Amino acid sequence: MKQMGAAIVMGCLGLASCLPVKMDAYEKNEEIPGHQWSYQYKPVFEVTIKPEDTAYLYNIYVNIRHQDAYPYSNIWVLVNTQLPGDSSLQPRRVELPLADASGKWLGSGLDDIYEHRIPIQQQAILNKPGTYRFTFEQNMRQNPLPYVMNVGLRIEKAGARP
């Protein structure tokens, strides 16, 4: 009898492992060519929201990966958002702090590489099903911006909408 029960449990576990994993977050990072972020390089991130996903609030983050030699304590980025079915862009200039007042990097680091996940919008409402398109542009005075290795977007569910 114990063997039969174990077989049923193992069978259920095997079946469950074949089901698609439900993802509650989107994350994608793009490498900056030559680790020199120029004004011309504008990575695009496309996120598809299904009708059932419009019932949730979302936290939106920008991921930055840079070398220790990065010369500034922050980075300014233009985040251009295009909503589903809309041809116009909604630009927003965002400051991403990378170091504290003493110059210590805020992100996690290993050797001379630092990674940051910086919130740019908490409890955002994405109430239109379809594909949202986010385009990032570096908006610093220096062009190209040296020692920036990757930039990315993370969107995660923050809970049900009220």
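The values are calculated or read from the model by the stated rules, or taken from the named source; none is laboratory data. In this text, all values refer to a predicted model and were calculated from it rather than measured experimentally. No Cβ is skipped: glycine too gets one built from the backbone with ideal geometry, and neighbour counts run over all protein chains shown. Heads up: the accessible areas ignore ligands, DNA and RNA and are worked out on the full protein's heavy atoms, side chains in. Shrake-Rupley method; radii C 1.70, N 1.55, O 1.52, S 1.80 Å.
Output the residues belonging to the range 49-73 that are open to solvent by 30 Å² or more (accessible area, probe 1.4 Å), in a strand (DSSP E or B) and farther than 15 Å from Glu156 by Cβ. Within the range 49-73, Arg65, Gln67 meet the criteria. Looking at (1) surrounded by fewer than 15 Cβ atoms within 10 Å (Cβ to Cβ); (2) within 18 Å of the chain's Cα centre (by Cα), can you tell me which one Tyr26 breaks? Of everything listed in (1) surrounded by fewer than 15 Cβ atoms within 10 Å (Cβ to Cβ); (2) within 18 Å of the chain's Cα centre (by Cα), Tyr26 misses just condition (1). When the range 123-151 is filtered for residues that are more than 25 Å from Gly85 (Cβ to Cβ) and in contact with a strand residue (DSSP E or B) (Cβ under 8 Å, 6 or more places away or on another chain), the ones remaining, listed by number, are Gln138, Asn139, Met140, Pro144, Leu145, Pro146, Tyr147, Val148, Met149, Asn150, Val151.
Each row is one residue, and each column tells you yes or no for (1) in a strand (DSSP E or B); (2) of a type outside the set (A, V, I, L, M); (3) farther than 20 Å from Ser38 by Cα.
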site: Asn127; (1), (2), (3): no, yes, yes
site: Phe136; (1), (2), (3): yes, yes, no
site: Asn143; (1), (2), (3): no, yes, no
site: Gly152; (1), (2), (3): yes, yes, no
site: Pro162; (1), (2), (3): no, yes, yes
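Name the single residue, out of those in the range 78-106 being in contact (Cβ under 8 Å) with a residue 40 or more places away in the chain and surrounded by 13 or more Cβ atoms within 10 Å (Cβ to Cβ), that is farthest from Lys128 (Cα to Cα). Across the range 78-106, the extreme among qualifying residues is Leu78. Among the residues making up the range 107-120, those that are at pLDDT below 95 and open to solvent by 60 Å² or more (accessible area, probe 1.4 Å) are Ser108, Leu110, Asp111, Asp112.
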